[in-house]
Amino acid sequence: MNDWIAFFQQVMNFGPQIMAGLGNTLLLAAIITVTGLVGGIVVFYLSLSHNRLCRKLTEGYISFFIGTPLIALLFLMYYGLPQWGVRLSPLLVAVIGFTMNVAAYNARYLMTAYRGLDQDELEAARAQGFSSLQVFRLITLPQVLRLSIPALSNQVILNLKDSSVAFLIQYTEFFAQVQDFAVRNFQFFKAYLMAGLVYLALVSVIVIASRWLERRLILPGVRPL
Amino acid sequence: MVLLQTRNLGMEYDGKPVLRGIDLDLAEGELKVVMGPSGCGKSTLLRCLNRLVTPTSGQIIFRDEDVTRPDTDVRALRQRIGFVFQNFALYRHLSVLDNVTLGLRKLRGMPLGEAVERAKHELRRMDMVEHHHKYPAQLSGGQKQRVAIARALAMDPAVLFFDEPTSALDPLMSREIINVINQLRRDNVSMLCVTHDLFLARSVGGRVLFLDQGVIHAEGDAEQLFGNHSDPRIRAFFSQEAGNQ
Amino acid sequence: MSFIDILALLATGAGYTILVTLMCSATGMAVGLAIAMFHRLGSRQVSACLAVFTYVFRGIPVLVLLFIVFFGLPGMGIGVPPLVSMMLSLGLIAGAYLGEVFRGALDSVDGNEVLAAQAMGMSRMQVLLYIELPQMLRFSVPGMVNEFTTVLKYSPFAYTVGIPEVMKQAMALSAATLRGVEIYLAVGLVYFAIYKVLVTFVWALEKRYRVPGLTEH
Ligand SMILES: Nc1ncnc2c1ncn2[C@@H]1O[C@H](COP(=O)(O)OP(=O)(O)OP(=O)(O)O)[C@@H](O)[C@H]1O
Ligand SMILES: [Mg+2]
């Protein structure tokens with residue numbers, strides 16, 4: 001018991017750094033959630049292209065990023081590019097790497113939802129004279145996004161958890177600060193356990209928020225995937 | 001000789017009575033048909049008899065043994081009763097042959113070779129042996145039901161229960177099943193058959209029980225009941241069912 | 001040093017990457033199956049415990065759990081070897097996800113078949129073993145492929161606990177040669193190749209045991 005009190009004392013002393021780290025974690029997670037969603041929509045749009053080559057390329061893109069670890073891409077940019085004189089900040093590297101990766105996953109969710117869509121409705125819209133971009137923006141996308149809410153909000157949880165990877169490229173996010181704290185105070189178990197609990201709490205917030213969003217946005221009579 | 005007998009059998013779901021005071025007996029080699037409107041408790045009756053559900057009152061005597069006693073080995077009882085369902089309930093991941101051998105191997109501990117022999121014998125009887133390597137999804141409804149019957153027969157049961165064996169089948173396939181039941185009758189297989197199907201009840205002969213709201217209201221042979229019965233409920237049921245056909 | 005040389009050097013670490021992936025996937029399978037089975041057979045209290053386990057292990061980042069196990073537990077007097085640390089972090093997390101996959105697949109098993117098996121005189125355990133499990137595993141293939149892929153993609157974390165897998169080789173090589181771009185590009189290709197082999201293998205296995213009309217692909 002006493003050592004827990006001592007531990008919390010140490011945490012309080014380290015408070016500013018840890019809070020700054022938490023801020024950086026939330027910043028990264030928020031940015032890649034937005035850019036990953038936009039990127040996912042773009043990739044999804046390209047996957048519907050009438051051009052075979054374009055479809056093949058997007059398929060290859062999705063498959064490659066789903067099949068390779070994110071940290072290979074992060075290390076390539078962070079440790080590799082300087083050899084060509086290109087030095088990017090850890091945050092920029094993380095944003096670029098995560099966006100490409102998350103976009104691939106989001107595009108796949110959207111494609112799965114699209115396959116479950118009523119094709120007649122899209123046909124009808126085309127017959128009404130809408131351009132294909134209009135059909136996409138006004139009909140396809142809203143429906144597909146609604147159907148994908150569970151998968152997309154699950155991706156937000158993954159974004160938050162995976163942002164901890166950025167500490168391996170010196171981005172001073174939450175887990176990096178916890179790591180620093182642990183080494184300085186020689187408090188490994190308690191510090192990492194606390195980090196785990198913090199992530200769990202943040203994940204819970206996202207879970208609650210996404211349930212709320214789901215209830216608000218789901219169309220009556222349409223089951224999400 | 002009496003094979004199966006119930007005395008004052010009652011069943012409730014959450015305090016709601018579904019069967020009340022059922023007295024039924026089935027002799028060895030006999031066929032009885034139970035008819036009645038939807039929700040009257042027909043499936044529940046069959047499920048009570050093989051103890052898939054536990055009756056709330058009364059007794060079931062199976063070959064002189066009270067199988068409602070708490071120390072009854074219900075799994076042994078169920079192994080002696082073949083059950084054929086409306087929706088076939090074939091195991092979709094197993095071939096026709098494996099559907100029939102599964103019980104023999106896993107419940108009877110029969111060696112594979114012997115189980116296959118026995119299964120093929122029953123499949124031959126049901127005229128399904130040439131389909132033994134197929135999977136359920138590759139069969140017609142009538143074929144599925146014949147496999148289900150072979151699966152039940154393979155366990156060498158004391159009695160066969162049918163729960164609406166033809167109601168998921170078109171008339172032609174229903175005929176297949178009716179023929180099978182008639183054939184089994186000639187082989188002196190004891191059977192209890194629940195059905196909506198007037199044609200089935202007529203074609204297989206046997207005594208017919210009329211169940212309504214959990215109570216047996218009448219018993220007689222088919223023509224007796226289908227004819228102008230004095231009870232208006234029974235008349236209404238049969239004229240409506242006849243209209244449905 | 002050519003790109004091919006780089007690939008060849010990295011490939012020496014591939015054995016460890018595959019070992020880590022297989023061991024963690026196997027842990028995940030065992031845990032996931034246990035979760036699904038206990039959920040099916042156990043009481044309401046058991047289900048509640050499993051739900052808590054699943055929630056916790058799906059909510060903690062792999063890296064954090066790995067650090068708790070490998071760097072944290074020794075401070076509590078429990079030393080855990082690197083590979084076991086991977087299994088207790090990545091493996092358990094995969095188990096939590098696979099448990100969800102299996103539970104969903106169990107719900108797709110036709111209740112009528114379960115009833116028929118019980119009517120035949122099978123015990124609850126026999127029904128699970130001979131009817132529910134074989135169907136559930138077939139229904140779960142897409143979910144399992146996803147999860148194995150995820151395990152493969154998180155396997156580079158093994159370098160942080162000193163396992164000489166592909167990423168560790170790449171870091172050593174890049175420190176020595178300063179040719180990070182080619183090296184990490186090669187890393188991507190090596191993982192992608194392992195991914196393709198893994199996915200092809202699982203689907204080949206699925207095809208071997210595929211039952212007509214049971215799953216639709
Ligand atoms: N598991 C259960 N829990 C609660 N009530 C049930 C349950 N199973 C059946 N019932 C109720 O018991 C009554 C009898 O059901 P049962 O399935 O035996 O009818 P049935 O005569 O077989 O009808 P059908 O012709 O539609 O098959 C119905 O009112 C039904 O709603
Ligand atoms: Mg019924």
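Rule-based calculations on the coordinates, nothing more; no lab input. Keep in mind it's a predicted model, so treat the numbers as computed, not measured. Positions of Cβ are backbone-derived with ideal geometry, glycine not excepted, and every protein chain shown enters the neighbour counts.
Alpha carbon centre of the range C:143-178 versus the range C:1-56: separation in Å? One Cα centre to the other: 15 Å. By the rule of a C-alpha distance below 20 Å, with chain neighbours fewer than 8 residues away ignored, the aspartates and glutamates paired with residue B:16 are B:212. Axis of helix C:92-107 versus longest Cα principal axis of chain C: the two differ by about 30°, to the nearest ten degrees.
Label sites at residue B:8 and residue B:168, each approximated as a point 7 angstrom past Cα along Cα to Cβ, lie 3.8 nm apart.
Anything in chain A that counts as a DSSP H helix reaching 15 Å or more along its axis (C-alpha) with Kyte-Doolittle mean of at least 1.0? List them, would you? Length and hydropathy pass: A:2-47, A:188-217.
Helix-only arithmetic for chain B: the sum of -39500 (n - 2.57) across DSSP H runs with n ≥ 4, divided by the residue total, places the mean residue ellipticity at 222 nm at -11500 deg cm²/dmol. Seen against the Cα atoms of chain B and their longest principal axis, helix B:171-186 is set at about 90 degrees. With the simple model of a label 7 Å out from the Cα in the direction of the Cβ, residue B:187 to residue C:202 spans 4.6 nm. At what distance in angstrom do the alpha carbon centres of the range B:182-245 and the range A:139-162 lie from each other? With the range B:182-245 and the range A:139-162 each reduced to a Cα centre, they are spaced 57 Å. Only lysines eight or more places from residue B:32 in sequence, or on another chain, were considered; those with a Cα closer than 18 Å are B:42.
Convex hull volume of the C-alpha atoms in the range A:2-217, normalised per residue: 144 Å³. The sum of -39500 (n - 2.57) across all DSSP H runs of n ≥ 4, divided by the residue count of chain C, sets its helix-only mean residue ellipticity at 222 nm to -23500 deg cm²/dmol. Taking the DSSP bridge list for chain B and keeping only pairs wholly inside it, about 55 percent are antiparallel.
To the nearest ten degrees, helix B:96-106 and the longest principal axis of the Cα atoms of chain B are 90 degrees apart. Only helical DSSP H runs with n ≥ 4 go in: add -39500 (n - 2.57) per run for chain A, normalise by residue count and round the 222 nm mean residue ellipticity to 500 deg cm²/dmol. When only DSSP H runs of four or more count, the value is -25500 deg cm²/dmol. Each Lys or Arg adds one and each Asp or Glu takes one away; over the other residues whose Cβ falls under 15 Å from the Cβ of residue B:224, this sums to 0.
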